[in-house]
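Visitor: Questions regarding the structure given below will be posed in turn.
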Amino acid sequence: MNLKPSIQVSLPQRLYDGYRAFRTGRLPTEQSRYRELAERGQAPETMVVGCCDSRVSPEVIFDAGPGELFVVRNVANLVPPYSPDGLYHGVSAALEYGVTVLRVKHLVVLGHARCGGIQAFASNAPSGDFIGKWISLLAPAAASVQGREDGDYLRRLEQASLMRSLDNLTTFPFVRSAIESNVLTLFGAYFDVATGELSVLERESGQFVAVARD
Ligand SMILES: [Zn+2]
């Protein structure tokens with residue numbers, strides 16, 4: 001049996017077409033910006049922790065151009081607690097780079113409705129080699145959310161998890177020290193996939209409030 005992975009030298013047609021459109025459309029209009037970014041390096045002011053979900057692209061939702069957002073995406077937009085244990089921590093590495101090297105000013109955790117990762121946790125779906133362990137990060141948030149049978153349970157779990165991720169961010173010494181020095185602000189935002197509505201967490205009230213509705 002030939003177990004060599006099949007590596008195509010061409011791209012899937014949709015990606016090829018998309019790149020052609022980029023090359024003839026967006027690239028010429030933003031060529032000088034790309035050159036400048038290449039020479040100066042990136043200096044994004046905002047970092048986003050988002051979900052892998054294909055419907056929730058931070059660059060699309062915030063209408064951002066190249067160099068504007070430093071983004072790390074993972075299943076269910078989770079931030080693990082600070083845990084320097086010598087293992088592999090992709091999200092923590094991105095946070096360290098964004099906060100200590102790029103010195104982003106704003107850090108947004110972007111949650112969303114109908115999150116498959118949250119659903120999988122809530123329904124005890126088969127966990128595979130990695131997903132189950134990863135979404136077990138949801139357990140502390142889930143313990144704080146009552147009414148599993150209620151229609152809005154998943155939304156409340158999604159939002160509780162987002163708040164937990166914001167709390168976990170403050171367990172990173174470099175995040176805490178940047179907040180205390182007033183050079184970094186944390187935000188929680190929640191995107192409703194069906195309506196396109198974005199809500200932002202008001203820390204005092206703990207409520208998510210819709211923004212830019214006019
Ligand atoms: Zn998701």
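The values are calculated or read from the model by the stated rules, or taken from the named source; none is laboratory data. Because the structure is predicted, anything quoted here is derived from the model rather than measured. So basically every Cβ, Gly included, is an ideal-geometry build from the backbone, and we count neighbours across all protein chains shown. For the accessible areas, the whole protein counts, side chains as well, though only heavy atoms, and no ligand, DNA or RNA atoms are used. Shrake-Rupley method; radii C 1.70, N 1.55, O 1.52, S 1.80 Å.
Visitor: From the convex hull of the Cα coordinates of the chain, what is the mean projected area in square nanometres?
Guide: Working: hull surface 66.9 nm².
With every direction weighted equally, the projected area is 16.7 nm².
Visitor: Let me ask something additional. What residues qualify as long-range amide H neighbours of VAL48, i.e. H under 5 Å apart, gap of 5 or more or another chain, H built at 1.01 Å from N?
Guide: Distant-sequence amide H within range of VAL48: PHE70, VAL71, VAL72, VAL108.
Visitor: Moving on to the next point. Helix-only estimate, please: 222 nm mean residue ellipticity of the chain, summing -39500 (n - 2.57) across DSSP H runs of length 4 or more and dividing by its residues, to the nearest 500. Provide the component values of the computation, followed by the final result.
Guide: Numbers: 9 runs with 76 residues, N = 214.
After summing the helix terms and dividing by the residues of the chain, the value is -10000 deg cm²/dmol.
Visitor: Could you bin all the Cα-Cα distances of the stretch 37-142 into 5 Å bins starting at 0 and give me the percent of pairs in each, rounded to whole numbers?
Guide: Spelled out bin by bin, the stretch 37-142 gives 2, 11, 20, 22, 19, 13, 8, 3, 1, 0 percent.
Visitor: Hey, what do the phi angles of the stretch 195-206 turn into as Karplus ³J(HN,Hα) couplings, whole Hz, using 6.51/-1.76/1.60 and θ = phi - 60°, x for Gly and Pro?
Guide: 9, x, 7, 10, 10, 10, 6, 8, 5, 5, 8, x
Visitor: Show CYS115, CYS52 ordered by accessible area, largest first, where the area counts protein heavy atoms only and the probe is 1.4 Å. Before the final figure, lay out each step's value.
Guide: On the way: CYS115 0, CYS52 75 Å².
The ranking, largest first, comes out as CYS52, CYS115.
Visitor: Taking the Cα centroid of the stretch 156-172 and of the stretch 116-136, what is the distance between the two, rounded to the nearest whole Å?
Guide: The distance from the Cα centre of the stretch 156-172 to that of the stretch 116-136 comes to 17 Å.
Visitor: Right, next: Between PHE187, LEU154, PRO173, whose Cα lies farthest towards the positive end of the dipole of the stretch 148-199 when Lys and Arg beta carbons carry +1 and Asp and Glu beta carbons carry -1, centred on the Cα centre?
Guide: Value computed over the given set: PRO173.
Visitor: On a 1.4 Å probe surface of the protein chains, which of LYS105, LYS133 comes out largest in accessible area, and what is the full order?
Guide: Solvent-accessible surface, decreasing: LYS133, LYS105.
Visitor: If you take every residue apart from PRO81 with its C-beta less than 15 Å away from the C-beta of PRO81, what net charge results, scoring Lys and Arg +1 and Asp and Glu -1?
Guide: On the way: positive: LYS133, ARG164, ARG176; negative: ASP85, GLU96, ASP167.
Charge balance in the 15 Å sphere: 0.
Visitor: Using a 1.4 Å probe and ignoring any ligands, DNA or RNA, find the accessible area of SER205 and quote it in Å² to the nearest 10.
Guide: Accessible surface of SER205 is approximately 60 Å².
Visitor: Let me ask something additional. Which net charge results when you count Lys and Arg as +1 and Asp and Glu as -1 among the other residues whose beta-carbon is under 11 Å from that of LEU184?
Guide: Details: positive: ARG103, LYS105, ARG176; negative: GLU45, GLU180.
With Lys, Arg at +1 and Asp, Glu at -1, the neighbours total +1.
Visitor: Oh, and also: Which order do you get for HIS89, HIS112 if you rank them by accessible area with a 1.4 Å probe, largest at the top?
Guide: Details: HIS89 65, HIS112 5 Å².
Output order, biggest surface exposure first: HIS89, HIS112.
Visitor: Mean Kyte-Doolittle of at least 0.0 and a Cα length of 18 Å or more along the axis: which whole DSSP H helices of the chain meet both?
Guide: none
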